[in-house]
Each structure stands twice: as C-alpha cells, then as structure tokens.
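The structure appears below as structure tokens.
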C-alpha cells in the first residue's frame, strides 16, 4: 500500500471525520526532514523537539488556509524556517546576551550532546555553521545539506534568488575559513 | 547538469568543505519519531465536530441582539414618565409626628415574609459609649434633647 500523496491528505484533512487522521499522516510523512532542518538550526535536541512541535501546531491552525498552488512540504518548511529563526532570536533576547554568547552556548550543547554521531571533521563543520548568522545558516543548511534548488529556497524564505546565491557564497567562504583555521581551543 | 556545476564551483571555492562527505550526524532521541505524532495529536485536541455554519452565525448574533435589546430597554426606561416629586412628598407627609413616634418597627416588620432583620437588633450601649459615639460623629446632643 502506497502512502497517500499531499493532495489526497489535504482533501481528507478538509473532511470532518478525516481531519485528525490526515494530519497524523502529514506529521509522520514530514517529521524526519523537518526535524533534520530544525536540529541543524537549533542544535539542542530538547529545544528542537519544542520548535518542531510549534511548527506542527501552527500547521494545524493554518492548514485550512493553505493554498494548494504551493507545495505542502515547502509550506511546512517555511514554518520550520521561521520558527527556528524566531527561536534563535528569542534565545538571544531571553539570555540578554550577544550573538557570540549564543554561539558559545550552542557549541557547548553540541560538544556535550550524546545525540551527535559525527566525527571530528563533522563536529568542526557544525561549529563553523553555528557561527553564521541565523538567516545565512538557514540558507546554507537548505542549499548544502538539503541540496534544495534556489527557486525552492526562495519560496521558503521569501528572498530573491540573487540574494540567496550571494548569501550562500559568503557562507561557504566563511565556513572554509573556519575549517582551515588552526584549532585554538584544542577541542577534538 | 546544474548540480554538477554547483559541486565543481564548491570544490573550487572551498576545497576543504567540498571534500567533507555529507552525512546526517544529528541523531534523534530513542523512539522520538514513533511518539512525536501522538504528542502532536494530543496537543491539537481530541476529534471535535465543528459546529454548523448556522450555529456559528447564531452564536455571534445572540450576544449582539442581547446588547441591542438591553440598549433599547435602557433608552425606553429613561423615556418613561417620571413620578412627580410632589406625589412622593405627599406620601411621605401622610404620617404625622405622633404617628411616627408611636411606630414600632419590629412590630411593623413582623408580618413581612421571612425573618425580620430588626427583631434581633439590641442597642445595649452604656452612657459613656453613647457619648463617645456622639463625640466621634460630631453630634450636638443639645439639639437632640432640647425640644422647642
């Protein structure tokens, strides 16, 4: 038995009896990809769960107004993107600290997390990604890790393709600099 | 074609980054994806039957009608002919001073429905307490005791 496609899920969601069942299938279908993105943005597993939960709550509340000329996945991804950016901003405001302090906290979380299976170079790459400003980090994550097209990223972020290309180019250069810089902290 | 071009561009621009194999190093907690949909379902609530459109319209219309009705009643009440003050004065002066002096309030209220609030009232004050009360209230006792 094949999984129902998005159009079928949305049609079922709009029926009174199938609403909850269809939404459950939508969560099951997209939770892994969205978790991957949110986790790369937020780093902490518990906070990632909370953000992902908010993403689906917002989706539940807004799915009635979802226009089918957009892709369901892109729409969900846009909510995840916005929620992650909001979370990082709230974290900075909540701690009354600078962006550097937030990066430091995220790095500590990464180093102490048991839910990170990457080797030394993956850890170093993730630390470099964390140093990017949140919006640039989102663009880099979508382009580099998720291998999305610029058109799709543009639909999610609401940024022009030219600006996205420029942002990605800058992010890649920054990360390369971080990766080639001698490690001063003696972290593994 | 475009992907290959982008990959080559990346390797040229950032050889170290381009040489790192892509993987998913972040691991979700145990059984997270099995439990998460249930957690979301619990938050969005139990299945509910959405009210019909006519009921939603009625639910909005009823409070509006109640407010309008109260407003109309309030305006109608203000426009009603007021009782002339002279009629009240006449009723109030129907009793003579003698009648007022002979009035026994507990007795008057004894016939009313329910327990009378006056039957249990006892003014058991000493002279000193009465004087203190009068002093506190600024009462001129001579006005109360001296009759013209």
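The values are calculated or read from the model by the stated rules, or taken from the named source; none is laboratory data. Keep in mind it's a predicted model, so treat the numbers as computed, not measured. Here Cβ is always computed from backbone atoms with ideal geometry, including for glycine, and neighbour counts include all displayed protein chains.
Things to note:
- Residue in the range A:78-96 that is more than 10 Å from chain B (Cβ to nearest Cβ) and not in a helix (DSSP H, G or I) present: yes
- With respect to the stated conditions, residue A:38 is closer than 25 Å to residue A:159 by Cα and part of a helix (DSSP H, G or I).
- For the range A:2-29, the set of residues classified as more than 14 Å from chain B (Cβ to nearest Cβ) and in a helix (DSSP H, G or I) consists of A:6, A:7, A:8, A:10, A:11, listed by residue number.
- Only one entry in A:75, A:60 is in a helix (DSSP H, G or I), surrounded by 15 or more Cβ atoms within 10 Å (Cβ to Cβ), out of contact with any helix residue (DSSP H, G or I) (no Cβ under 6 Å at 6 or more places or on another chain) and without any contact (Cβ under 8 Å) to a residue 60 or more places away in the chain, namely A:75.
- Any chance residue A:39 is within 8 Å of chain B (Cβ to nearest Cβ) and either surrounded by fewer than 17 Cβ atoms within 10 Å (Cβ to Cβ) or within 16 Å of residue A:81 (Cβ to Cβ) (or both): yes
- Restricting the range B:20-63 to residues that are more than 9 Å from chain A (Cβ to nearest Cβ), assigned to a loop (DSSP other than H, G, I, E, B) and modelled with pLDDT of 80 or more leaves a set whose member that is nearest to residue A:174 (Cα to Cα) is B:30.
- Qualifying residue in the range A:60-70 (condition: under 26 Å from residue A:132 (Cβ atoms) and more than 10 Å from chain B (Cβ to nearest Cβ)): no
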